[in-house]
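Written below as structure tokens is the structure these notes are about.
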Amino acid sequence: MSDRLNGYRILILETREEAQFSRLLAEQGADVLQCPMFTIHDAPDAAPVEAWIRRFIERPCDDLVLMTGEGLRRLMKVVRRLDVEKDFIAALGKARKFARGPKPGRALRELGLEPQVTTEKPTSEGIAEMLSRLDLAGHRLGLQLYPDKDHSVLIGAITAQGAAVDSVLPYVYDAQAADANIVTAIDEMAQGRIDAIALTSSGQVRRLIEVAQAHHCEARLRAGLEHTPIASVGPVVSDELKSHGLRSDIAPAEGAYFMKPLISAMAVALGKTAPRSAAAR
């Protein structure tokens, strides 16, 4: 049914695939409050990104690790500006492609390509663990990075296996631009105007806590979360919540750690009670 969440107001913190998550929830009738954790911008210096693309075309890497779907889409934006899309996609086709979770895989499929391997654990540690089982000696490995993360451990683990790493960082975060919206979302929860909060990455949990601490409203955040159902896309997010003394109330079935199963789980759980947000608004 297309109205399983009709009347329910859902807070989402998704940044990289905000539009898709919002659309999927809206299709189920939800009133979606979007609060991305970051504003995303292209890398301020395009030259290193352009150079990486040209190297990849001229001499395709043996392996390519895609850490985020956003990263590939930002690369393709530069590729199209350089008018080398056909050559770049051909080079992508020659590389063995690894995806850190399902999102990079979806971005590849938009180009008519598939990842050879998708990590079971959508983390840098999961990537390192997966690559540790492979023979990378003498390989050139392309590594698409994402902002605000120290990737030195991952790069060190790959180079220790004998591979030469060629990394690229195609976008940056602007955290400050989103702070005001996050504080507003915290107030909405505290006032009972949210029926559930949906979390799709461990970084969202950390960012929510960090902003609340920076703006002296952590107690208000925790009070709001006490009476707001928390939906977690999978165990990585649930473990992060637990590390901050928080719980997860709703989760998809084991192994189905994606947006659609999460939404289905939310519809089942929330459908047992009437929406409370409308009365508070």
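The values are calculated or read from the model by the stated rules, or taken from the named source; none is laboratory data. Bear in mind that the values here come from a model prediction, so they are computed numbers and not experimental data. Neighbour counts are summed over all protein chains in view; Cβ atoms, including those assigned to glycine, are modelled from backbone coordinates with ideal geometry.
Laid out as a table, the results:
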| read-out | value |
| --- | --- |
| Matching entry among ASP148, ASP135, ASP166 (being surrounded by fewer than 18 Cβ atoms within 10 Å (Cβ to Cβ) and not in a loop (DSSP other than H, G, I, E, B)) | ASP166 |
| Residue satisfying all of: in the range 32-53; in contact (Cβ under 8 Å) with a residue 60 or more places away in the chain and assigned to a strand (DSSP E or B); surrounded by the most Cβ atoms within 10 Å (Cβ to Cβ) among these | LEU33 |
| Single residue of LEU169, LEU199, LEU225 found to be within 28 Å of ARG100 (Cβ to Cβ), outside the structural domain of GLY69 (by TED's automatic domain parsing) and in contact (Cβ under 8 Å) with a residue 40 or more places away in the chain | LEU199 |
| Qualifying positions in the range 56-87 - farther than 16 Å from PRO104 by Cβ, in a helix (DSSP H, G or I) and basic (Lys, Arg) | ARG80, ARG81, LYS86 |
| The range 166-204, residues that are of a type in the set (Val, Ile, Thr) and touching a Gly at 6+ places or on another chain (Cβ under 8 Å) | VAL168, ILE186, ILE194 |
| For GLY71: the one exception among (1) in contact with a strand residue (DSSP E or B) (Cβ under 9 Å, 6 or more places away or on another chain); (2) of a type in the set (Gly, Ala, Ser); (3) in the same structural domain as ALA269 (by TED's automatic domain parsing) | (3) |
| Which listed residue, of PHE21, PHE56, PHE88, is surrounded by 20 or more Cβ atoms within 10 Å (Cβ to Cβ), in contact with an Asp or Glu (Cβ under 7 Å, 6 or more places away or on another chain) and touching a residue at least 12 places away in the same chain (Cβ under 8 Å) | PHE21 |
| Qualifying position, being aliphatic (A, V, I, L, M), over 26 Å from THR159 (Cα atoms), within 19 Å of the chain's Cα centre (by Cα) and modelled with pLDDT under 95, among LEU24, LEU5 | LEU24 |
| Some residue of the range 173-190 being outside any helix (DSSP H, G or I), surrounded by 15 or more Cβ atoms within 10 Å (Cβ to Cβ) and more than 19 Å from the chain's Cα centre (by Cα) | no |
